[in-house]
Amino acid sequence: MALITWEETYSVNIREIDDQHKKLFNLINILYDAMREGRDNDVLGRVLSELIDYTVYHFDAEERLFQKHGYPEYKHHKKEHDNLARQAVELRDKFNLDGYGMISLEVLIFLKDWLKNHVMVTDRKYASFLNGKGVV
Ligand code: FEO
């Protein structure tokens with residue numbers, strides 16, 4: 001069962017970025033399934049780590065586009081990225097120290113909601129700007 005499902009309304013009309021968002025959604029669903037199936041700490045830790053690493057990779061990819069094309073909301077957008085990346089890395093550090101108990105469903109839902117809202121609101125703000133620069 002999927003915790004989050006991709007819909008066309010999430011699209012920023014940039015194929016590379018849409019594909020990255022889809023992969024992030026997929027990783028959240030994989031982690032959700034692993035938790036529901038009671039998978040061991042090694043599996044959960046690997047998926048959590050992949051989710052966090054890919055999130056950081058994705059944020060860097062967006063920020064490079066912003067800088068390349070002079071996106072005026074760069075600083076505000078990067079601040080949101082930095083805040084989530086810091087929280088996610090702290091989450092991974094806690095998991096590594098304390099084990100399975102630190103990945104609760106509540107935490108996973110927080111990540112899912114944060115990502116969904118960020119894609120729907122903050123990311124969509126750059127879509128028309130970058131599309132106008134020929135980034136599709
Ligand atoms: Fe798609 Fe700004 O993260």
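Points worth noting:
- Reported count of residues in the range 1-51, each being hydroxyl-bearing (S, T, Y), surrounded by 14 or more Cβ atoms within 10 Å (Cβ to Cβ) and within 30 Å of G134 (Cβ to Cβ), is 2.
- Which listed residue is surrounded by 14 or more Cβ atoms within 10 Å (Cβ to Cβ), free of Cβ contacts under 8 Å to residues at least 24 places away in the same chain, within 15 Å of the ligand (Cβ to nearest atom) and not in a loop (DSSP other than H, G, I, E, B), from K112, K116, K78: K78
- Filter result for R124 (surrounded by 12 or more Cβ atoms within 10 Å (Cβ to Cβ), basic (K, R), under 17 Å from the mean Cα position of the chain (by Cα) and modelled with pLDDT under 85): no
- For the range 53-73, a residue qualifies if it is farther than 19 Å from Q20 by Cα and surrounded by 15 or more Cβ atoms within 10 Å (Cβ to Cβ), and the qualifying residues are H69, Y71.
- Among residues of the range 13-53 being modelled with pLDDT of 95 or more and part of a loop (DSSP other than H, G, I, E, B), the one that is nearest to the ligand (Cβ to nearest atom) is I14.
- Hey, N96 out of contact with any Gly (no Cβ under 6 Å at 6 or more places or on another chain), more than 14 Å from the ligand (Cβ to nearest atom) and in contact (Cβ under 8 Å) with a residue 24 or more places away in the chain or not: yes
- Residues that are under 17 Å from H21 (Cβ atoms) and over 16 Å from the mean Cα position of the chain (by Cα), drawn from the range 77-121: none
- Here K133 does not qualify as farther than 21 Å from T5 by Cα and within 13 Å of the ligand (Cβ to nearest atom).
- Every residue from the range 71-110 that is more than 20 Å from I4 (Cα to Cα), of a type in the set (S, T, Y) and modelled with pLDDT under 95: Y100
The values are calculated or read from the model by the stated rules, or taken from the named source; none is laboratory data. Because the structure is predicted, anything quoted here is derived from the model rather than measured. Cβ atoms come from the backbone with ideal geometry, glycine included; neighbour counts cover every protein chain shown.
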